1. Anything in segment 71-104 that is more than 30 Å from Pro267 (Cβ to Cβ) and at pLDDT below 95? List them, or say none.
2. In segment 259-274, what residues are of a type in the set (Ser, Thr, Tyr) and at pLDDT below 95?
3. Tally up the residues in segment 148-194 that are over 26 Å from Phe110 (Cα atoms), in contact (Cβ under 8 Å) with a residue 60 or more places away in the chain and outside any helix (DSSP H, G or I), please.
4. How about segment 48-97: which of its residues are of a type in the set (S, T, N, Q), within 30 Å of Asp114 (Cβ to Cβ) and surrounded by fewer than 22 Cβ atoms within 10 Å (Cβ to Cβ)?
5. Which numbered condition trips up Leu111, out of (1) of a type in the set (A, V, I, L, M, F, W, C); (2) within 19 Å of Leu132 (Cβ to Cβ); (3) modelled with pLDDT under 95?
6. Out of the helices (runs of 4 or more DSSP H) lying entirely within segment 65-133, which hold 3 or more residues that are closer than 26 Å to Gly36 by Cα?
7. Consider segment 46-101. How many of its residues are under 22 Å from Ser197 (Cβ atoms) and either of a type in the set (Gly, Ala, Ser) or in contact with a helix residue (DSSP H, G or I) (Cβ under 7 Å, 6 or more places away or on another chain) (or both)?
8. Just to be sure before I move on: is Gly39 under 16 Å from the mean Cα position of the chain (by Cα) and within 19 Å of Leu66 (Cα to Cα) in the structure I sent?
Amino acid sequence: MFWMIFGFGLLASAFTANKFILHDLNPVFFVAVRMGISGLLLVGYYLIKRSKNLRIKHLFEDGKQLILVCVFTNFVPAILKAYALKALISSEAVLIGSLDPFVTAIYAYFLFGDRLSMKQFLGIFIGFLSILLLVSAKHPILGLNISMPVLYAFGAVVIGRYGWILTQKLLKKDRYHPAEINGISMLASGVFALMTSFFMGNEMAFDVCFNQTNIGFMLYTIIIGNIISYTMIAYFLKHHPVTLVSLLGFSVPIFTHFYGWMFLQEPLSWQFFIAVLGASLGFMIYKLKLHTKSYS
């Protein structure tokens, strides 16, 4: 149990590091650098290992699917997350990302014909409502109680989950290791984001990005956030019930909330903890009779 909480605490610290970097960098350029470096490391690792999966023939044959995976899994969600994280309190952006299991259930219902019991619908409703009540009270815009950064965060969850459904379809071909697809997707996303940043007229702030402080934060978020934390979580999923791991995943926004208070001068909020409690309760109700399929 300790190591699971420790792993999620590490993951939360990466979001805080990202928030520090976004003080200086445009979100699109930030995604270009972070995704580009992460993708290069992963793809380079498998090329050094002389992986037989990364064949030019396969890459051309699967080109359309790989581009779709890149766009929906990493490129668009990463940019939306970066804009949301830059504008919102860090823990709020992370908490909205915790809606992922509920979004998965909705996709399963509409795309795959999964049946949901009334208790599961109730759990999904409570999860969404808990988070919506928190963010709508704090971010009014245009007469609606939801701001654009909040919509960016929600959009990242919805688009990113669809991307993972596309990724699983590609994995069924048994041509690639999951980390290879992730590496290709991140590398391509980095290139796309760099091109997007250029055409948007954003300053290519390499001098700002690669100053001593931001290099440290960038390496931290790549090594701790992208490699160590997710490796630990993959290990937890292999050795512990998925429901327990998923439930403990709600500790990530709590850790982020405290890190934001300690390092970013963000305020503590009792409403935030109630929202996390409500989302966790909704998840537990939803999980009571949930039987997941392979795409979840």
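1. Scanning segment 71-104 gives Thr73, Asn74, Thr104.
2. Passing the criteria: only Ser269.
3. Total satisfying the criteria: 3.
4. Gln65
5. In the conditions (1) of a type in the set (A, V, I, L, M, F, W, C); (2) within 19 Å of Leu132 (Cβ to Cβ); (3) modelled with pLDDT under 95, Leu111 misses (2) alone.
6. 76-87, 90-97
7. Number satisfying all stated conditions: 22.
8. Here the answer is yes, as Gly39 does meet what is asked.
The values are calculated or read from the model by the stated rules, or taken from the named source; none is laboratory data. Values in this document were obtained by computation on a predicted structure and should not be read as measured data. Here the Cβ is made from the backbone with ideal geometry for all residues, glycine too, and neighbour counts use every protein chain on show.
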